[in-house]
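Notes follow once the structure below has been shown.
The values are calculated or read from the model by the stated rules, or taken from the named source; none is laboratory data. As the structure is a prediction and not an experimental result, all values here were calculated from the model. Here Cβ is always computed from backbone atoms with ideal geometry, including for glycine, and neighbour counts include all displayed protein chains.
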Amino acid sequence: MLSEKSLKAIAFERSKYPQEEARSALLAALRIAQEEQGYLRDELIEYVAEILGLPAIQAFEVATFYTMYDLKPVGRHKLCVCGSVSCFLNGSDQIIGHLSKTLGIGPGETTADGLFTLQEVECLGACKDAPMMQLGDRYYENLTPESLDALIAQLRGGSEDVR
């Protein structure tokens, strides 16, 4: 179900912890599986639990709790807008509204072309530069409708190196 490369990466993560602490490697193992497969299907979550020797329910508890795990297919660009207190007080609801209008989707939805998924998430730890969002491994801070429009245009144009 997973490539040899992913299985080795999971084994490496597992090796960092004592035998009785297999659950400590669960977050990393789920991330590795998701990176390879795109999202975590139920069978994949069960498989990861089996690899680590854990009850499947423990893997499901983690996968369904954290917003970084996708339980259904997502767009090529997942826009994760922080909705926590600092971001909300600085207009994250307007940012989500602008993205919803611009992309024609609501939070938790993916555009018909599969290019964008919009997600509201909990604190991403950049409160001083709120409102902010995460796209891949990058943070975009002090968001405005104009900065979002420029970013969306770049992404639609095929640019992967957006700042």
In the range 82-111, what residues are over 30 Å from Glu43 (Cβ atoms) and either β-branched (Val, Ile, Thr) or assigned to a strand (DSSP E or B) (or both)? Cys82, Val85, Ile95, Ile96, Thr102
Of the residues that sit in the range 28-40 and are in contact with an Asp or Glu (Cβ under 9 Å, 6 or more places away or on another chain) and among the aliphatic types (A, V, I, L, M), which one is surrounded by the fewest Cβ atoms within 10 Å (Cβ to Cβ)? Ala28
Need pairs with beta-carbon distance below 6 Å; first residue within 23 Å of Cys87 (Cα to Cα) and within the range 135-163, second at pLDDT below 90; sequence gap 6+ or separate chains. Leu151/Val162
Taking the range 71-89 and keeping only residues that are farther than 23 Å from Asp137 by Cβ and either surrounded by 14 or more Cβ atoms within 10 Å (Cβ to Cβ) or assigned by TED's automatic domain parsing to the domain that holds Leu44 (or both), one is left with Phe88
Where Thr67 falls short, out of the listed (1) closer than 18 Å to Leu118 by Cβ; (2) among the β-branched types (Val, Ile, Thr); (3) buried (at least 18 other Cβ atoms within 10 Å of the Cβ): (3)
Can you tell me which condition Ala153 does not meet? The list is (1) surrounded by fewer than 13 Cβ atoms within 10 Å (Cβ to Cβ); (2) within 16 Å of the chain's Cα centre (by Cα), and all the others hold. (2)
For the range 54-70, the count of residues that are among the charged types (D, E, K, R) and either at pLDDT below 95 or over 17 Å from Ser24 (Cβ atoms) (or both) equals 1
Answer with yes or no whether Leu143 is modelled with pLDDT of 95 or more, in a loop (DSSP other than H, G, I, E, B) and in contact with a Pro (Cβ under 6 Å, 6 or more places away or on another chain). yes
